[in-house]
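A.B. asks: Here it is, the structure, as structure tokens.
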Amino acid sequence: MKYFFLSEGWAVSRVWSSDGLWNEIAWRRQPNIRRLNLCLVERNEILWLYRVEDAILTVEVKPIDPNQVSQAAQSISHVILKRLITGDQVLERLGAAEATCQLVNIQSVVL
């Protein structure tokens, strides 16, 4: 698995694999991209952790609503993420930042 952090208010647009732009007809499915219930808070900005399958090489992201993103990001129409990170890199980043965990079901964590 690979991972990336994405600012709240942004969404995944296009996805690339080793064969080029993700083709749902050829793969017979959508790419496996999942937002996890873990985020970082940096400079009052919420960065959600996403998990993607190994076949994904590059992800394009866009603001959901340009009027709702921060002032600094309003001039950006899209971003291409070319360096997805490993699980170890996620742990390093979490260890160096203020982390917040959003739990929907506490019973899934507590035994």
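A.B. asks: Of all residues in region 1-21, count the ones that are under 13 Å from the mean Cα position of the chain (by Cα) and either of a type in the set (A, V, I, L, M, F, W, C) or part of a loop (DSSP other than H, G, I, E, B) (or both).
C.D. replies: Step one: of region 1-21, the residues under 13 Å from the mean Cα position of the chain (by Cα) are 1-15.
After this cut, where a residue has to be either of a type in the set (A, V, I, L, M, F, W, C) or part of a loop (DSSP other than H, G, I, E, B) (or both) as well, the list is 1, 4-6, 8-12, 15.
Total satisfying the criteria: 10.
A.B. asks: Follow-up. Hey, can you tell me all the residues within region 1-21 that are farther than 17 Å from ARG51 by Cα and open to solvent by 50 Å² or more (accessible area, probe 1.4 Å)?
C.D. replies: Listed by number, the residues that qualify are SER18, ASP19, LEU21.
A.B. asks: Across region 80-90, which residue is nearest to LEU21 (Cα to Cα) among those that are in contact with a strand residue (DSSP E or B) (Cβ under 6 Å, 6 or more places away or on another chain) and open to solvent by less than 50 Å² (accessible area, probe 1.4 Å)? Show your work before the answer.
C.D. replies: Narrowing region 80-90 to residues in contact with a strand residue (DSSP E or B) (Cβ under 6 Å, 6 or more places away or on another chain): 80-82, 84-85, 90.
Still in the list and also open to solvent by less than 50 Å² (accessible area, probe 1.4 Å): 81, 84-85, 90.
On the way: LEU81: 14, LEU84: 16, ILE85: 20, VAL90: 26 Å.
So, considering only residues that are in contact with a strand residue (DSSP E or B) (Cβ under 6 Å, 6 or more places away or on another chain) and open to solvent by less than 50 Å² (accessible area, probe 1.4 Å), the one nearest to LEU21 (Cα to Cα) is LEU81.
A.B. asks: Could you please find all residues in region 22-45 being without any contact (Cβ under 8 Å) to a residue 40 or more places away in the chain, under 21 Å from HIS78 (Cα atoms), part of a strand (DSSP E or B) and open to solvent by less than 90 Å² (accessible area, probe 1.4 Å)?
C.D. replies: ILE33, GLU45
The values are calculated or read from the model by the stated rules, or taken from the named source; none is laboratory data. Not measured: the values here are computed from a predicted model. Backbone-built Cβ (ideal geometry, glycine too); neighbour counts: all protein chains shown. What goes into the accessible areas is simple: the full protein's heavy atoms, side chains included, and nothing from ligands, DNA or RNA. Shrake-Rupley method; radii C 1.70, N 1.55, O 1.52, S 1.80 Å.
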